[in-house]
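A.B. asks: Supplied in C-alpha cells, the structure appears directly below.
The values are calculated or read from the model by the stated rules, or taken from the named source; none is laboratory data. As the structure is a prediction and not an experimental result, all values here were calculated from the model. Methodologically, a virtual Cβ is constructed for each residue, glycine included, from the backbone with ideal geometry; neighbour enumeration extends over all protein chains shown.
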Amino acid sequence: MKVECIGIAGRKRNALAAKTAIEAVAILKEKNIAVQIERGFLKIGGERCIPVKKFSCDIVLSFGGDGTLLQACRDIGKKIPVMGINCGNIGFLQSYKAQEIAGAIGDISAGKFEIEKRTRILARIDSKSAGEALNEVLVVPAKAGRLLRYKLKIGGEGRTEAGDGLIVATPTGSSAHALSAGGPVVKGNAAVFVVVSVNPVDWKHRPLVINDHEKVAISDFEKGIRAELIIDGQKRFGIRKKVVLLKGSEVLFARRKEFHKTG
C-alpha cells in the first residue's frame, strides 16, 4: 500500500502527544508526504487543520493512549486505517512508542505495516441507536453501589441476573475492562463477543464467549433502579426499558508487522 497522505490526530492537553506529533509532521514534510491535521489538536503555522471526520488520507496516526485511539476510530466515521502512537500510559492497542516516531514513519512510508479489521458493537437503547463500541458496552446502575437486576437474553436463551452490572466486549476490548472483571482475552480478529457479569450474586453466572452475530438483549430492570449504558468508557446514556446489542460495523487498525500482542 502506497501512502501519500497521513492524518494526524491526538489527545488534546497531552504535551508528549503534541510534541511527538509536531516531530512527525516535520519528518513527513521531509519525505514529501502530505499531512492532514485534526482541528484543535495542533497549531502549526501554514498548516490547515480540519475535523477528523473530513480526513481523506491513507492512514491516520493517533497520538495519545488507548482512549485517544478509540475516540479517533469513532470520529473518523469511515474506513481509514488508524495506527496508535503511544503517548499515554499502558497503550495496549498502540503499535509504537512516542520515541519510535521516526521509525514508525519510516516503516509506514516503506509499506511495512498490516491492516486488521476489528468489529464493533452496535448499541440500541429503547429502539434508538446510541452508537458503536470498539472496546465494550457497560450496563451499570446510575448510582454506584446499587444492585442491578435485569433479564439477559442471548439469542434465544435468557436468564435473570443481579450484580454490579454487565460488560459485553469485542475481541479488541477483551483485554480491557472485561479482563479486569474476570473475562478471557480473545484474539483481536476473532468472530466473537465476550459477556461478563460484574460481581454477580449468583456465582454460576460466569463469563461467556458468544458468536458475534448473536443478539444480546438486556431488559426488565428492577423498578426504582435507574440504569446507564456506557460506550468505551466515554459516552453515557440513560436506559428506560431495554438495550439491544448487535454486531456493528468494522474499523481498520494499522499495525507494525512484528506486532504480536493479543489485543
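A.B. asks: Can you find a residue in region 206-220 that is under 21 Å from Lys247 (Cβ atoms), at pLDDT 95 or above and touching an Asp or Glu at 6+ places or on another chain (Cβ under 7 Å)?
C.D. replies: No: zero hits.
A.B. asks: Give region 187-196 a look and list any residue that's modelled with pLDDT of 95 or more and either assigned to a strand (DSSP E or B) or crowded, with 19+ Cβ neighbours inside 10 Å (or both), or say none.
C.D. replies: Val192, Phe193, Val194, Val195, Val196
A.B. asks: If you go through region 77-89 one residue at a time, do you hit one that is at negative phi, surrounded by 19 or more Cβ atoms within 10 Å (Cβ to Cβ) and more than 16 Å from the chain's Cα centre (by Cα)?
C.D. replies: Yes.
A.B. asks: A further question follows. Tell me the strands (runs of 3 or more DSSP E) entirely within region 197-248 that contain at least 1 residues that are of a type outside the set (Phe, Trp, Tyr) and surrounded by fewer than 17 Cβ atoms within 10 Å (Cβ to Cβ).
C.D. replies: 208-211, 216-219, 235-239
A.B. asks: A follow-up question, please. Residues Ile108, Ile154, Ile121: which one is within 17 Å of the chain's Cα centre (by Cα) and among the β-branched types (Val, Ile, Thr)?
C.D. replies: Ile121
A.B. asks: Looking at region 36-55, which of its residues are among the aliphatic types (A, V, I, L, M) and crowded, with 20+ Cβ neighbours inside 10 Å?
C.D. replies: Answer for region 36-55, where residues must be among the aliphatic types (A, V, I, L, M) and crowded, with 20+ Cβ neighbours inside 10 Å: Ile37, Leu42, Val52.
A.B. asks: Shifting gears a bit: Of everything in region 107-122 that's of a type in the set (A, V, I, L, M) and more than 15 Å from Glu250 (Cβ to Cβ), which residue is surrounded by the fewest Cβ atoms within 10 Å (Cβ to Cβ)?
C.D. replies: Ala110
A.B. asks: Then there's this: Identify, please: which residue in region 1-47 is free of Cβ contacts under 8 Å to residues at least 40 places away in the same chain and of a type in the set (Gly, Ala, Ser) and is, among those, nearest to Val60 (Cα to Cα)?
C.D. replies: Ala34
A.B. asks: Also, I was wondering about something else. Given the options Leu166, Leu152, Leu93, name the one that is modelled with pLDDT of 95 or more and buried (at least 24 other Cβ atoms within 10 Å of the Cβ).
C.D. replies: Answer to the selection: Leu166.
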